[in-house]
Amino acid sequence: MPTSSHQREHYGLRYMMASAPAMRRLKRGNNSRLHGSKNWGAAFLLMEYLSQHPLPPNRSVLDVGCGWGLAGLYCRKRFHSAVTASDADPAVFPYLQAQADINDLTIDTEVWRFADVPDDALAAADTLIASDICFWDDMAEEVYQLIARAVEAGCGRILIADPGRPPFLAVAEACIEDFYAELVPVKAHTSRPHRGYVLRIENA
């Protein structure tokens, strides 16, 4: 539901549009290099999935490739998760912080590329989440290797949302074969409909 001309609220989480004055001010002096320029749609797919399949409360969540951080903030607000949000581009964190501030939330951040996420961070996470992280062909192997390391480290649950791009579907096919993953169709309705998938791996 709209809260202002530049803010929305869905799944109980307030968020600012790219057109919001606060976000426009950030863009003038803090340009993101790696597509951290807006709220990407797959975050809503992940929130829709989690609204139907809630996480246990007060667990640890690692949000990789977090961008503006909506999915991690949703976990923080809805499930009281201890969330670490990571991204290769530190320029996204002021946007994430702005989103956190309007929800009165706190969240930890780390500058990590997929290959640099420490094994102990993967092992410590009860759930790894991600959305819109596999949009180029050459990212598929990086994402697959991150998932494989998370499985090996003992991360209990892995949830990755995507609208269904070919690189993501290639990763999903490999994970179904190697890790008994499931590919779950999801529809989310915000100010516009979003359709895609959540790749789910239960590693308990």
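The values are calculated or read from the model by the stated rules, or taken from the named source; none is laboratory data. What you see is a predicted model; the values in this text were computed from it and never measured. Every residue, glycine among them, receives a Cβ derived from its backbone with ideal geometry; neighbour counts consider all protein chains shown. Ligands, DNA and RNA are excluded from the accessible area calculation, which covers all protein heavy atoms including side chains. Shrake-Rupley method; radii C 1.70, N 1.55, O 1.52, S 1.80 Å.
Say whether the condition of being open to solvent by 50 Å² or more (accessible area, probe 1.4 Å), more than 21 Å from Val61 (Cβ to Cβ) and within 15 Å of the chain's Cα centre (by Cα) is met by at least one residue in region 146-161. No, there is no match, as no residue in region 146-161 is open to solvent by 50 Å² or more (accessible area, probe 1.4 Å), more than 21 Å from Val61 (Cβ to Cβ) and within 15 Å of the chain's Cα centre (by Cα). Being aromatic (Phe, Trp, Tyr), open to solvent by 40 Å² or more (accessible area, probe 1.4 Å) and at pLDDT 85 or above is a description that applies to Tyr11.
Scanning region 75-113 for residues that are crowded, with 21+ Cβ neighbours inside 10 Å and assigned to a helix (DSSP H, G or I) returns Cys75, Arg76, Val92, Phe93, Tyr95, Leu96, Gln99, Ala100. Selection of first residues in region 49-71 that are within 21 Å of Asp87 (Cα to Cα) and open to solvent by less than 40 Å² (accessible area, probe 1.4 Å) and of second residues that are among the hydroxyl-bearing types (Ser, Thr, Tyr) and in a loop (DSSP other than H, G, I, E, B), restricted to Cβ pairs under 6 Å at least 6 apart or on distinct chains, gives the following pairs, ordered by first then second residue: Val61/Ser81. Scanning region 131-164 for residues that are over 21 Å from Lys187 (Cβ atoms), modelled with pLDDT under 95 and assigned to a loop (DSSP other than H, G, I, E, B) returns a single hit, Trp136. Taking the criterion of being assigned to a loop (DSSP other than H, G, I, E, B), of a type in the set (Ser, Thr, Tyr) and within 19 Å of Ile129 (Cβ to Cβ), the only residue of region 181-199 that qualifies is Thr190.
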